[in-house]
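If you scroll down you'll find the structure; I have some questions about it.
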Amino acid sequence: MPEQLVKVSFTDEEEDDETDAKLLKAPAPSFIPSSAERFAKLRLMPPPTETSSVASKALQKEFKSLVKLQEKDELPFYIDPGTDS
């Protein structure tokens, strides 16, 4: 079995920058891409050590539901449905 992921909360302790200002002024919902340096700060889940068709189907079902929510402008973030990463 894969290890349980530990829930970690994130607190933005950095000073507001230009992207933050754009997000605060933008009408909701909207998507403004972040700079590449912000992506380097994200913690990514480790790749799976085991795979199964049941797990893959469950993840695909959840992904499809997120894409549907995004189409209704009900997500606070953006998912690119054209990528597999």
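Each reported figure results from applying straightforward, stated rules to the coordinates on display, with no laboratory input. All values derive from a computational prediction rather than experimental measurement. For neighbour counting, all protein chains shown are included, and Cβ atoms are generated from backbone atoms with ideal geometry for every residue, glycine included.
Calculate, in nm to one decimal, what Thr51 and Asp20 gain on full extension: separation in residues at 0.36 nm each, minus their alpha carbon distance.
Extra length from Thr51 to Asp20 when fully extended: 7.4 nm.
Determine the shape class of the chain: with a ≥ b ≥ c the square roots of the Cα gyration tensor eigenvalues, call it rounded for a/c under 1.5, and otherwise prolate if a/b is greater than b/c, oblate otherwise.
Verdict is oblate for the chain.
Whole-Hz ³J(HN,Hα) for each residue in the range 42-48, computed from phi via Karplus 6.51 cos²θ - 1.76 cosθ + 1.60 with θ = phi - 60°, x for glycine and proline: what do you get?
6, 8, 9, 5, x, x, x
Exactly which GluC sites (Glu not before Pro) in the range 42-85 are in a DSSP loop and have at most 14 other Cβ atoms within 10 Å?
Qualifying residues, ordered by number: Glu50, Glu74.
Among Ala55, Ala36, Ala21, whose mean-square fluctuation peaks in a Gaussian network model of the chain (Cα, cutoff 10 Å)?
Ranking Ala55, Ala36, Ala21 by mean-square fluctuation puts Ala36 first.
Report, to the nearest 10°, how far helix 53-71 tilts away from the longest principal axis of the Cα atoms in the chain, using its own Cα long axis and a range of 0 to 90°.
Tilt relative to the chain: about 20 degrees.
Could you work out the longest stretch of the chain that avoids the trypsin sites (Lys or Arg not before Pro) located in DSSP loops with at most 11 other Cβ atoms within 10 Å?
8-40
How many nm separate the modelled label positions at Glu13 and Ala58, each set 7 Å beyond the Cα in the direction of the Cβ?
In this crude label model, Glu13 to Ala58 measures out at 3.5 nm.
Let me ask something else about it. Output the relative contact order of the chain, whole-number percent, from Cα pairs under 8 angstrom with separation of 6+ residues.
Relative contact order comes out at 34 percent.
Assuming 0.36 nm per residue, please report the length gained on full extension of the stretch Ser35 to Leu66 beyond their Cα-Cα distance.
8.8 nm
Another one. Taking only Cα atoms and a 10 Å spring cutoff, compute GNM fluctuations for the chain and point out the largest among Leu23, Leu69, Leu42.
Of Leu23, Leu69, Leu42, the Gaussian network model singles out Leu42 as fluctuating most.
Who wins for biggest fluctuation among Thr49, Thr11, Thr19 in a Gaussian network model of the chain, springs between alpha carbons below 10 Å?
The residue that fluctuates most here is Thr11.
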